[in-house]
Amino acid sequence: KNQVEQSPQSLIILEGKNCTLQCNYTVSPFSNLRWYKQDTGRGPVSLTIMTFSENTKSNGRYTATLDADTKQSSLHITASQLSDSASYICVVIYLSGAGSYQLTFGKGTKLSVIP
Amino acid sequence: KAGVTQTPRYLIKTRGQQVTLSCSPISGHRSVSWYQQTPGQGLQFLFEYFSETQRNKGNFPGRFSGRQFSNSRSEMNVSTLELGDSALYLCASSLGRQDSYEQYFGPGTRLTVT
């Protein structure tokens, strides 16, 4: 079964600290992997999109890594801010044959940044 | 540029009724995708429309349907509502196919079925 597992489920960190969120997937064949940030009561916002050949991609204080061999991705947040408090969702898009594709979402990691 | 807009933002319906949700994409975007988000299942893909044609669909029953108009605006319809349909319904738009382009999400429609 094609799955995307995120860890931890929730995380509390102090403002200014760094943190790393994990995303492991079993889907195949892989097309691309996306990280989204979702504030409470709002729609998700795209952080990064990574294809098979990309190992690292940054977006400000957010850096995503991808290891296609082990099927693992991580999202590293540097110098956290209170506004980073949100759910972070990993999405894997994979090819499902005949030019079609499917999306599998992780359940997300809920990050709380406290002063 | 205005973002993706969804109407209504909140909706309360009774089991057995039907509901229609609306989504207006970012100007110039031709692909509109719909998602269901619940606390238990998380985000799940419903379907994608591109140039008025359904290009891809997730694993949902036929009670869930949609359409896209020539101006790229999209509607989603759920018939014979069940309690389990209570969820946040999100719409996202992109320049092209959702698997190849960045998606921009709307704020969602919160549907409560009683």
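Listed by first and then second residue, the pairs with beta-carbon distance under 7 Å, at least 6 apart or on different chains, first residue in the stretch B:18-36 and closer than 15 Å to residue B:75 by Cβ and part of a loop (DSSP other than H, G, I, E, B), second open to solvent by less than 10 Å² (accessible area, probe 1.4 Å) and modelled with pLDDT of 95 or more, are B:18/B:78; B:18/B:81; B:25/B:32; B:25/B:93.
With the condition being open to solvent by 10 Å² or more (accessible area, probe 1.4 Å) and among the small types (Gly, Ala, Ser), I'd like the strands (runs of 3 or more DSSP E) fully within the stretch B:38-114 carrying at least 2 qualifying residues.
B:64-68
Taking the criterion of being open to solvent by less than 60 Å² (accessible area, probe 1.4 Å) and within 12 Å of residue A:108 (Cα to Cα), the residues of the stretch A:1-23 that qualify are A:4, A:6, A:7, A:8, A:11, A:21, A:23.
Of the set (1) farther than 24 Å from residue B:60 by Cβ; (2) of a type in the set (A, V, I, L, M, F, W, C); (3) modelled with pLDDT of 95 or more, all apply to residue A:89 but (1). In the stretch A:26-54, the residue that is surrounded by the fewest Cβ atoms within 10 Å (Cβ to Cβ) out of those that are among the aliphatic types (A, V, I, L, M) and farther than 13 Å from residue A:66 by Cα is A:45. Of the residues that sit in the stretch A:75-115 and are of a type in the set (S, T, N, Q) and surrounded by fewer than 17 Cβ atoms within 10 Å (Cβ to Cβ), which one is nearest to the other protein chains (Cβ to nearest Cβ)? Here the answer is A:100.
The values are calculated or read from the model by the stated rules, or taken from the named source; none is laboratory data. Since we're looking at a predicted model, the values are computed, not measured. Using ideal geometry, Cβ is built from the backbone for each residue, glycine included, and neighbour counts are taken over all protein chains shown. Keep in mind that these areas ignore ligands, DNA and RNA; they rest on the heavy atoms of the full protein, side chains included. Shrake-Rupley method; radii C 1.70, N 1.55, O 1.52, S 1.80 Å.
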